[in-house]
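Some notes on the structure that comes next.
Derivation of every value follows stated rules applied to the coordinates shown; laboratory data play no part. Just so you know, these numbers come straight off a predicted model, no measurement behind them. With ideal geometry, Cβ positions are generated from the backbone for all residues, glycine too; neighbour counts draw on all protein chains shown.
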């Protein structure tokens, strides 16, 4: 288990484009996990809002398609 944690810490603090930022912002892994949990909650909320918006747009599209068919049948 300790080896896995050590590898994870090495990966987390490596010299990737996020490594230096992670070192500067988070003194320990728990702070990072907490931030990631908040971000995940935000993303889930954004996802639900997008799903609702897509459903609304699909309903509008269905209404317009129905109106077009009705107009074509009256011609």
Nearest-0.05 FRET efficiency for residue 7 and residue 41, computed from C-beta distance (R0 22 Å): 0.20
Between residue 55 and residue 25, 0.36 nm times their residue separation minus their Cα-Cα distance comes to what? 6.9 nm
